[in-house]
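*Asks:* Following this message is one structure expressed as structure tokens.
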Amino acid sequence: MNKETQIAVVGLGYVGLPLALGFDQADLPVIGYDIDETRIQELKEGKDRTGEAAAETLKKSR
């Protein structure tokens, strides 16, 4: 991949969130997108209502 390549994950539910976090942990440029504004705010606060990601993992993610 070149430096301009970015990965987009649409939907940060029980499948999309772990996928996006996996790309992030592999140091790949990833953008997560979800239409649920409440969900986005919860994730920014380190809360995952699906239980797929630990708060510490969310806080370390870009």
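*Asks:* Less than 10 Å Cβ to Cβ from Gly16, Lys/Arg counted +1 and Asp/Glu -1: what total charge do the surrounding residues give? Please list the in-between numbers first.
*Replies:* Details: positive: none; negative: Asp34, Glu52.
Charge balance near Gly16 sits at -2.
*Asks:* Val30's amide H: which non-local residues (gap 5+, or another chain) put their own amide H closer than 5 Å, with H modeled 1.01 Å from N in plane and none for Pro or chain starts?
*Replies:* Under 5 Å from the amide H of Val30: Ile7.
*Asks:* To continue, here is another question. Which of Asp34, Asp48, Asp27 has the fewest other C-beta atoms within 10 Å, and how do the rest follow up to the most?
*Replies:* Working: Asp34 17, Asp48 21, Asp27 8.
The most exposed by this proxy come first: Asp27, Asp34, Asp48.
*Asks:* Further question on the same structure: Label-point separation (nm) for Glu42 and Ala54, each offset 7 Å from Cα along Cα-to-Cβ?
*Replies:* 2.0
*Asks:* Oh, and also: Report, in degrees rounded to the nearest 10, the 0 to 90 angle that the Cα long axis of helix 16-25 makes with the longest principal axis of the chain.
*Replies:* 50
*Asks:* Could I have the simple spin-label model distance between Ile35 and Glu4, label points 7 Å from Cα toward Cβ, reported in nm to one decimal?
*Replies:* Output for this residue pair reads 3.1 nm.
*Asks:* What number of lysine-lysine pairs in the chain show an alpha-carbon separation below 20 angstrom, given a sequence spacing of 8 or more or placement on distinct chains?
*Replies:* On the way: Lys44/Lys59; Lys44/Lys60; Lys47/Lys59; Lys47/Lys60.
Counting lysine pairs in the chain gives 4.
Each value in this text was obtained by applying a stated rule to the coordinates, not by laboratory testing. Everything numeric here is computed off the predicted structure, so don't read it as measured data. With ideal geometry, Cβ positions are generated from the backbone for all residues, glycine too; neighbour counts draw on all protein chains shown.
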